[in-house]
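A.B. asks: There's a structure below that I have some questions on.
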Amino acid sequence: MKYKPVKIVATLGPATHSKEKILELANAGVDVFRINFSHATPEEAEDRVSWIRSAESIVKRPLSIMGDLPGPKIRISNMKPDTVLEKGQKFIISKKISIGDKQGCGLNFPSIVNVLQPGAEVFIDDGTIKLVIDKKIPDAVEATVLVGGLLKPRKGFSAEGIALSTRGVSEKDKEAIALMVKLKADSLAVSFVQTAQDIWQVRKLLPPDSKIALIAKIETAYGVDNAEEILEEADGMMVARGDLGLAIPIAKVPLIQKRLITLCVRNAKPVITATQMLESMITKPIPTRAEVGDVANAILDRTDAVMLSAESAEGKFPIETVEMMVKIIHETVPQVSVYEYKERKTTGNAITDSAGIIADQIDAKLIIVFTESGRTARRISRHRHQVPILAISPRNVTIHNLNYSWNVYPQLKQDVTDFDQLLKIAKDIAINNAIVPLEKDDLYIVSAGIPFRTSGTTNMILVQKV
C-alpha cells in the first residue's frame, strides 16, 4: 500500500467482525480500528483486539486501537426486530417502554421526556428518522413521524438544545475503560465532552503510569464553546459531526469543523473528522460526489484523520470504502497548504518549525525524527509539509499514538545512546524504509535531542546524504 499522509479510522462491527476482514481492512489502508462500546460486547472487543494485533504482525506496521466510550448519549430503547415507521403515523415516546415497537419506544434517560415540548423536532439515528412532538400525555409524549424508515435498537436520540446535565463516568463507561486498559488499547474516545472536567474524570480512572491517549469527542454546543480548555486536558479531538449537527443548527457545522481542526493542528494534537463521510457506501459500491467533496474538504482543512462509522461496521462494501478513502486522500493531499505559526520560539519550536522548511528548500525526501514522547514529530507535522516524517522511538506506546498524526510514519527501534549510533540507524532507515526508500545522493533530514533518551530536549537538526 502506498503511504498516505491522512490516517484512516475504521469502526468495527458485524460486517467486519472476523480476523480475515480486519486483515483486509489493514491491507486496504486502515491505521486505527475503533471499537464502539455503544454496541460491542466485552467478548467482541477481546476478539477484535486479538485480531488487530495479529494483523499488525502480518502487515508489519503499527495498527492502533481506539475504544469509544458510550458516554451520556440519549438513546432509544431496544426495539422489536424489523420495526419500520411510516410517514404520518403517530408514535409514542414513553418513560415506561423497555422494548419498543411500531407504536412507541422508551429512552435510556427517561427524564428527557419531561423536557420535550409540543412543536419540537426530534431526530433518531443521526437524523435518519424525524418526528415532531404533538402533545404531552401521562409519562410520555405523542409525536408524528415526518421521515420514516427502519427503527434500529438503541440508536441516538436528539433534539436541538437538549443536553444531559449529568456529570461523572457511568458504570458502563467504567467497565469499558477497565477492559481497554486490560487489553492495552492505545486510546479512548470520550463521548459528549462538554468541559475539561469530563476528560479529567476519565483520566483519573486510568492507572497512574497509563499512556492511553484520551480523544475528546465534540458533539454538543457546550463542547464547541469550551473546545480550547478541553484540548488542554485531552490528547486529541474528534469532530463528531453526527450528533453535533443535531445539537446545533446544522448549517453551522462546516465552519465549526474548520475551527476545531485549526485549533488542534495549531496545538500539535491529532484531530479526527468523523460521521457520514461516505455514508452511501453502506449500501452502494461508489459514493456520491458530495461525499467525495466532504472528505476532500476535511483534508484541505488539514485534518489528521478521517473516520468511517457504519460504512465499515455494517456496510456491504467495507473494503471498497477504505480503498475509496485512500484514493481521495492521494488526490487531495498535494493541495494542502503549508502553514506557519507566529509564536514564541523555544529551541524545540525553532527546530520543529525549521525541519520542513529546510526539507522543502533542499528537496529532501524524508525527515527522520528520533522521539521519546512523539511531540517533536507532531510539531513538525502540524506545518503540513509534504515530506514524509519517519518517527523513530523505542517506546511502543509512542509508536501507536503517533499513528493518528498527519504524514507521520512511526517505527519501533532500540534506544539510541550515542551520536554515531544515531547516524547509523538514520542511514539504514533512509535506505531501507517502506515509505520512501532513498537512493544514492538523495538528501534527508535528521532531528533529535541531546542528551539522548530524555523527552523534551529536541535541539539538533542535520542534513544528510545517502
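The values are calculated or read from the model by the stated rules, or taken from the named source; none is laboratory data. What you see is a predicted model, and the numbers here were worked out from it, not measured in a lab. Cβ placement follows ideal geometry from the backbone for every residue including glycine, while neighbour counts extend to all protein chains displayed. These accessible areas exclude ligands, DNA and RNA; they are computed on the full protein's heavy atoms, side chains included. Shrake-Rupley method; radii C 1.70, N 1.55, O 1.52, S 1.80 Å.
A.B. asks: Just need a number here: residues in the range 18-33 that are free of Cβ contacts under 8 Å to residues at least 40 places away in the same chain and surrounded by fewer than 20 Cβ atoms within 10 Å (Cβ to Cβ). Even if it seems obvious, please write down each step before you answer.
C.D. replies: So the first thing to find is which residues in the range 18-33 are free of Cβ contacts under 8 Å to residues at least 40 places away in the same chain, and the list is 18-20, 22-23, 26-27, 33.
Filter once more, so that each one left must be surrounded by fewer than 20 Cβ atoms within 10 Å (Cβ to Cβ): 18-20, 23, 27.
Final tally of qualifying residues: 5.
A.B. asks: Give the residue, chosen from Gly236, Gly242, that is more than 21 Å from Asp31 (Cα to Cα), within 18 Å of the chain's Cα centre (by Cα) and either modelled with pLDDT under 95 or open to solvent by less than 20 Å² (accessible area, probe 1.4 Å) (or both).
C.D. replies: Of the residues listed, the single one that is more than 21 Å from Asp31 (Cα to Cα), within 18 Å of the chain's Cα centre (by Cα) and either modelled with pLDDT under 95 or open to solvent by less than 20 Å² (accessible area, probe 1.4 Å) (or both) is Gly242.
A.B. asks: Can you pull out the residues in the range 306-353 that are charged (D, E, K, R), part of a loop (DSSP other than H, G, I, E, B) and under 27 Å from Lys217 (Cβ atoms)? Outline the logic, then answer.
C.D. replies: Going through the range 306-353, the residues charged (D, E, K, R) turn out to be 311, 314, 316, 320, 323, 327, 331, 340, 342-345, 353.
Then drop every residue that is not part of a loop (DSSP other than H, G, I, E, B), which leaves 314, 316, 340, 342-345.
Within the range 306-353, Glu314, Lys316 meet the criteria.
A.B. asks: Also, quick follow-up: If I filter the range 426-435 for residues that are within 26 Å of the chain's Cα centre (by Cα) and either under 17 Å from Ala359 (Cα atoms) or in contact (Cβ under 8 Å) with a residue 60 or more places away in the chain (or both), do I get at least one hit?
C.D. replies: Looking through the range 426-435, at least one residue is within 26 Å of the chain's Cα centre (by Cα) and either under 17 Å from Ala359 (Cα atoms) or in contact (Cβ under 8 Å) with a residue 60 or more places away in the chain (or both).
A.B. asks: Let me ask something additional. Can you say whether Ile99 is among the aliphatic types (A, V, I, L, M), exposed (fewer than 15 other Cβ atoms within 10 Å of the Cβ) and free of Cβ contacts under 8 Å to residues at least 24 places away in the same chain, as far as the supplied structure shows?
C.D. replies: Considered against the rule, which asks whether it is among the aliphatic types (A, V, I, L, M), exposed (fewer than 15 other Cβ atoms within 10 Å of the Cβ) and free of Cβ contacts under 8 Å to residues at least 24 places away in the same chain, Ile99 comes out as yes.
A.B. asks: Checking Ser191 against (1) at pLDDT 90 or above; (2) surrounded by fewer than 18 Cβ atoms within 10 Å (Cβ to Cβ), which single condition isn't satisfied?
C.D. replies: All conditions pass for Ser191, except number (2).
A.B. asks: Condition test on Ala430, is it of a type in the set (A, V, I, L, M), closer than 24 Å to Val6 by Cα and either part of a strand (DSSP E or B) or open to solvent by 70 Å² or more (accessible area, probe 1.4 Å) (or both)?
C.D. replies: No: the conditions fail for Ala430.
A.B. asks: Out of curiosity, is Thr83 hydroxyl-bearing (Ser, Thr, Tyr), open to solvent by less than 20 Å² (accessible area, probe 1.4 Å) and out of contact with any Phe, Trp or Tyr (no Cβ under 9 Å at 6 or more places or on another chain)?
C.D. replies: Yes; evaluated as a whole, the condition is true for this residue.
A.B. asks: One residue is enough: does the range 216-230 have a residue meeting the conditions open to solvent by less than 30 Å² (accessible area, probe 1.4 Å) and among the charged types (D, E, K, R)?
C.D. replies: Yes, the range 216-230 contains a residue that is open to solvent by less than 30 Å² (accessible area, probe 1.4 Å) and among the charged types (D, E, K, R).
A.B. asks: Name the single residue that is farthest from Ile329 (Cα to Cα) among those in the range 277-297 being touching a residue at least 12 places away in the same chain (Cβ under 8 Å) and among the charged types (D, E, K, R). So that I can check it myself, show each step before the final result.
C.D. replies: Just the residues of the range 277-297 that are touching a residue at least 12 places away in the same chain (Cβ under 8 Å), to begin with: 277-279, 281-287, 291-292, 294-297.
Right, trim to among the charged types (D, E, K, R) and you get 279, 284, 291, 294.
Working: Glu279: 17, Lys284: 20, Glu291: 13, Asp294: 12 Å.
Looking at residues that are touching a residue at least 12 places away in the same chain (Cβ under 8 Å) and among the charged types (D, E, K, R), I get Lys284.
A.B. asks: I would also like to ask the following. Looking at (1) part of a loop (DSSP other than H, G, I, E, B); (2) over 25 Å from the mean Cα position of the chain (by Cα), find the lone condition where Lys184 falls short.
C.D. replies: (2)
A.B. asks: Still on this structure: Residue by residue through the range 247-264, note down the ones that are open to solvent by less than 20 Å² (accessible area, probe 1.4 Å) and in contact with a strand residue (DSSP E or B) (Cβ under 7 Å, 6 or more places away or on another chain).
C.D. replies: Gln257, Leu260, Ile261, Cys264
A.B. asks: Among what's in the range 449-460 and is in contact with a strand residue (DSSP E or B) (Cβ under 9 Å, 6 or more places away or on another chain) and not in a strand (DSSP E or B), pick the residue that is modelled with the highest pLDDT.
C.D. replies: Checked the range 449-460; the qualifying residue modelled with the highest pLDDT is Ile450.
A.B. asks: Next question. Can you tell me which residue within the range 400-421, out of those that are more than 15 Å from Val9 (Cβ to Cβ) and in a loop (DSSP other than H, G, I, E, B), is most open to solvent (accessible area, probe 1.4 Å)?
C.D. replies: Gln414
A.B. asks: How many of the residues in the range 354-399 are out of contact with any His (no Cβ under 6 Å at 6 or more places or on another chain), open to solvent by less than 10 Å² (accessible area, probe 1.4 Å) and part of a helix (DSSP H, G or I)?
C.D. replies: Adding up the residues that qualify gives 7.
A.B. asks: Okay, moving on. So how many residues does the range 299-327 have that are of a type in the set (Ser, Thr, Tyr) and open to solvent by 10 Å² or more (accessible area, probe 1.4 Å)?
C.D. replies: First pass over the range 299-327, keeping only residues of a type in the set (Ser, Thr, Tyr): 303, 309, 312, 321.
Next, from what is left, pick out any that are open to solvent by 10 Å² or more (accessible area, probe 1.4 Å): 309.
So the count comes out to 1.
A.B. asks: Look through Leu107, Leu150 and report the one residue that is open to solvent by 70 Å² or more (accessible area, probe 1.4 Å) and within 29 Å of the chain's Cα centre (by Cα).
C.D. replies: Within the list Leu107, Leu150, the selection yields Leu150.
A.B. asks: Can you tell me which residues in the range 40-49 are in contact with a helix residue (DSSP H, G or I) (Cβ under 8 Å, 6 or more places away or on another chain) and surrounded by 16 or more Cβ atoms within 10 Å (Cβ to Cβ)?
C.D. replies: Passing the criteria: Ala40, Ala45, Arg48.
A.B. asks: Right, next: Among Val446, Val436, Val463, which is the only one that is at pLDDT 90 or above, surrounded by 14 or more Cβ atoms within 10 Å (Cβ to Cβ) and under 16 Å from Ile351 (Cα atoms)?
C.D. replies: After ruling out the rest, the residue left standing is Val446.
A.B. asks: Still on this model: Considering only the range 155-168, how many residues are modelled with pLDDT under 90 and surrounded by 14 or more Cβ atoms within 10 Å (Cβ to Cβ)?
C.D. replies: 7
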